1. Might you check whether a residue that is of a type in the set (A, V, I, L, M), surrounded by fewer than 20 Cβ atoms within 10 Å (Cβ to Cβ) and in a strand (DSSP E or B) occurs anywhere in the stretch 223-240?
2. Hey, does the stretch 179-190 have a residue that's crowded, with 20+ Cβ neighbours inside 10 Å and touching a His at 6+ places or on another chain (Cβ under 9 Å)?
3. Among the residues of the stretch 195-229, which ones are under 21 Å from the mean Cα position of the chain (by Cα) and at positive phi?
4. If a residue has to be in contact with a Lys or Arg (Cβ under 6 Å, 6 or more places away or on another chain) and of a type in the set (Asp, Glu) to count, how many in the stretch 206-234 make the cut?
5. Of all residues in the stretch 241-264, which are of a type outside the set (Val, Ile, Thr) and either surrounded by 21 or more Cβ atoms within 10 Å (Cβ to Cβ) or within 22 Å of LYS211 (Cα to Cα) (or both)?
6. Out of PRO173, PRO141, PRO132, I need the residue that is part of a loop (DSSP other than H, G, I, E, B), crowded, with 20+ Cβ neighbours inside 10 Å, modelled with pLDDT of 90 or more and not charged (D, E, K, R). Which one?
Amino acid sequence: MKSNILSFAFLLLLAAPLAAQQKDHVSMKIDVVAWGDEIKGLSFKSGSSKSVITALSFRYSTPVIYSGPLVMEIYQSDNSPTAAAPAVKYPAEGRIIPKNPFGSGEKDDAAIPSSPKQGLALELEKRRQKDPSLVALAVLPGSDCRRATVLLAPAEAGTFTTHVIDDDPSKLPVGQLRIHNLSPFLLAMRCNGNPALQLKSREAILVPAIKEHLIYELAYKIDDEWNVQENNTLPVRPTEQMQMIILRSENSFFLASDGSRSGFLQIITLRRSPDAH
């Protein structure tokens, strides 16, 4: 009996934060980016014919103003089906928050935590019983955020998992680069000749540019061995917010014209002026 009471109390604790978030109201610009093939016919309201969104593959499109609950619902119209795609094991839902870049990083913790995914996935399944056009839920940053990016990855039954990135200018200043590890591997990044930093899966760091450039070295760890991916240089413009997202994808977006794929991991860069659109 005691065990049953404790289990019920634990379930109440899990449900409470989501219920509280649903009551909160936020307003911000949202950029929706497809983790995979282009996704058409998206909207933030069921059956809406206004502000229909197309999420482009691994790149920004036109942002949309969102005003509503902290737990944002994303719908897809029936006449704009997304091409069938295999479900991916990552990313899991969860807000990406830059963590302390000088953390220990000594443990290879590539496995993505399952609890946030279970919570949102179960909530999405429940809400889809009332409206099957609902295809994703995203927990947005708080009311102090003016802009966010939502990454959509294909999941089961035409739904999507979400990653939310807080892009408020106070957290992503122009002229700097935020680096996200959205691969399932432990990474090491050496930036502008500084000591290498380790990034676990779903961690991020903010790196200042030097003379409007970032010189970096990237390595990943598999079976307790480090493998060097690349050494490269990126221009970082002083008027732009810029993000580097490191992931593992077999999408055709990353194929060269001859069908080859460069590197074990894939890298995308997202750039925009904070006042664009």
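The values are calculated or read from the model by the stated rules, or taken from the named source; none is laboratory data. Worth saying up front: this structure is predicted, and the values here are computed from it rather than measured. A quick note on method: Cβ atoms are made from the backbone with ideal geometry, for glycine too, and the neighbour counts reach across all protein chains shown.
1. Within the stretch 223-240, one or more residues are of a type in the set (A, V, I, L, M), surrounded by fewer than 20 Cβ atoms within 10 Å (Cβ to Cβ) and in a strand (DSSP E or B).
2. yes
3. Correct list: ARG202 only.
4. 1
5. The answer is GLN241, MET242, GLN243, MET244, LEU247.
6. Testing whether each residue is part of a loop (DSSP other than H, G, I, E, B), crowded, with 20+ Cβ neighbours inside 10 Å, modelled with pLDDT of 90 or more and not charged (D, E, K, R) leaves just PRO141.
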